[in-house]
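S.K.: This is the structure, below, for whatever I ask next.
The values are calculated or read from the model by the stated rules, or taken from the named source; none is laboratory data. Everything numeric in this text was worked out from a predicted model, so none of it was measured. A quick note on method: Cβ atoms are made from the backbone with ideal geometry, for glycine too, and the neighbour counts reach across all protein chains shown.
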Amino acid sequence: MSRSPEPGVTPRILRGALAHTPHDPFRHDGALESWHDGAVAIGADGRILDLGSAADVCERHPELPVQDERGGIILPGLVDAHVHYPQLPVVGAMGRTLLEWLEACTFPHEVRFARADFAREQAKSFLRLLAANGTTSAMVFGAHYAVAMEAFFVEALASRLRITSGLVVSDVLVPDALVTSPEIAYEESGLLARRWHGVGRLRYAVTPRFALSCSDELLAACGAVLRDAPHLSCTTHLNETRDEIEVVRGRFPGEDYLGVYERHGLVGPGTVFAHDLHPTESELARLARAGASVAHCASSNQFIGSGLFPMRRHLEAGVHVALGSDVGGGTGLSLLKEGLVAYGGQMLLGAAGEPLTPARLLWLATAAGARALGRDDEVGDLTPGRAADLIVVRPPAGSTLAEVLPFAASLEEALGQLFTLAREDAILETVVGGERVHRRGSL
Ligand code: GUN
Ligand code: ZN
């Protein structure tokens, strides 16, 4: 752990309302820690030096300049556990369920990423918009082309965000232009992982698209990359729609969906599965035993019509759950909006739903994501010693959120309003490792 000064970091105190979840609110009452007039001190090494009431923190660090953000709310940086970099322009493609949507809209768009210059421009916009939405760490589903991933990692390094990503591989039931071979997938994935894993804040994830579009040989190649380098992450899709599950069952008779990935060594504590809307009890138990995580992609599940997420079944089985925006199936890059849609989904499940309090939503959008991405020793809350990844949320003057926030009786109530109303334009500043990576109004 580096304690030396980081070049882009100005040691300072940020003062404002402050909230974080250093404990899991699904297990502990009172897990939300908050201050109406709080402060967080950032050291020269980009780590959190101190946290507490503004009076206490300012008294303990009189040498530090104060960035006065009163009127704003300081939160840990948001963590998106599942988002596709080559799908921004696919957002809003209405009228189709998953397999139709992939075939008609998504695959044709992703073919364009064969061009490195196009990929690089898209990567730049995508990463800029992640930061603008308050996302500081993300598990990013990549593109099918090594040139597009090279361009993406170059831009991700420059963005200073904490990005985990990898080359997406498929060899069946996708357009020819997206098809790879097990040999090429093994070689290109290994090369990209050796080149980029551990560089700056970047990490590599082995990324088969989903069992439906991968042969056994291709999944074996993915397993081989992970066996060579067990420290890498892995991410893919699981049990998203009933139609998809039927096709997978037809392609891999005698196995359930998770079993296909298990047989190839792809299920472990470093694996993040997107969706898992229709799991069996056995799959949930095995996910929990493996320590794998599930990214709940609430707006995508609703938009594509895939179903309502059985969060309670996951939590009762001991499966770790985080939030993913799943752009472009999802309806935008705001993890705050994902929180709201997740909340609504659980409400619609009635007695079978898991009540999502504002504290639980904050946990899902921050610390739970950090844990899914294997970064929870570093980020996820504002405990001193952690890297200073945080956001300042401040509604634009005259917005609905600006009107309602003063009526919140507590910071927890204010958080409920944020999840309901705050979007991209409410994110004033995004900070990663103490470095400012976004400030509203400045490019
Ligand atoms: N399953 C395989 N590919 C995709 C994708 O791009 N989006 C979603 N939502 N599900 C998938
Ligand atoms: Zn996805």
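S.K.: In region 294-321, how many residues are within 16 Å of ligand 1 (Cβ to nearest atom) and crowded, with 21+ Cβ neighbours inside 10 Å?
M.R.: 12
S.K.: Given the conditions (1) touching a strand residue (DSSP E or B) at 6+ places or on another chain (Cβ under 6 Å); (2) within 20 Å of residue 69 (Cα to Cα), report the number of the one that residue 378 does not fulfil.
M.R.: So the condition that residue 378 fails would be (2).
S.K.: Any residue in region 313-331 that is of a type in the set (D, E, K, R) and under 23 Å from residue 290 (Cα atoms)? Break it down into steps so the answer makes sense when it comes.
M.R.: First pass over region 313-331, keeping only residues of a type in the set (D, E, K, R): 313, 316, 326.
Still in the list and also under 23 Å from residue 290 (Cα atoms): 313, 316.
There is at least one residue in region 313-331 that is of a type in the set (D, E, K, R) and under 23 Å from residue 290 (Cα atoms).
S.K.: If the requirement is being within 28 Å of residue 312 (Cβ to Cβ), within 13 Å of ligand 1 (Cβ to nearest atom) and more than 19 Å from the chain's Cα centre (by Cα), which of these qualifies: 244, 281?
M.R.: Matching residue, one of 244, 281: 244.
S.K.: May I pose another question? Hey, among 156, 146, 132, 119, which residue is touching a Ser or Thr at 6+ places or on another chain (Cβ under 9 Å), away from ligand 2 (no atom under 16 Å from the Cβ) and more than 30 Å from residue 40 (Cβ to Cβ)?
M.R.: Result: 146 is the single residue among 156, 146, 132, 119 that is touching a Ser or Thr at 6+ places or on another chain (Cβ under 9 Å), away from ligand 2 (no atom under 16 Å from the Cβ) and more than 30 Å from residue 40 (Cβ to Cβ).
S.K.: Another question, then. Need a quick list: strands (runs of 3 or more DSSP E) entirely within region 355-443 having at least 1 residues that are within 30 Å of residue 205 (Cα to Cα) and not aliphatic (A, V, I, L, M).
M.R.: Passing ranges, in order: 427-432, 435-439.
S.K.: Looking only at region 112-168, count every residue that is within 16 Å of ligand 1 (Cβ to nearest atom) and surrounded by fewer than 22 Cβ atoms within 10 Å (Cβ to Cβ) and tell me the total.
M.R.: 1
S.K.: For region 247-267, name all the residues that are free of Cβ contacts under 8 Å to residues at least 40 places away in the same chain, under 25 Å from the mean Cα position of the chain (by Cα) and not in a helix (DSSP H, G or I).
M.R.: Scanning region 247-267 gives a single hit, 267.
S.K.: Quickly run through region 200-218 and pick out the residues that are surrounded by fewer than 24 Cβ atoms within 10 Å (Cβ to Cβ), in contact with a helix residue (DSSP H, G or I) (Cβ under 6 Å, 6 or more places away or on another chain) and not acidic (Asp, Glu).
M.R.: Across region 200-218, the qualifying residues are 200, 202.
S.K.: Residues of region 305-330 being within 16 Å of ligand 2 (Cβ to nearest atom) and over 21 Å from residue 129 (Cβ atoms), which ones?
M.R.: Across region 305-330, the qualifying residues are 305, 306, 307, 309, 321.
Residue-by-condition table, conditions (1) at pLDDT below 95; (2) in contact with a Phe, Trp or Tyr (Cβ under 7 Å, 6 or more places away or on another chain); (3) within 27 Å of residue 91 (Cα to Cα):
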site	(1), (2), (3)
229	no, no, no
234	no, no, yes
242	no, no, yes
247	no, no, yes
315	no, yes, no
323	no, no, yes
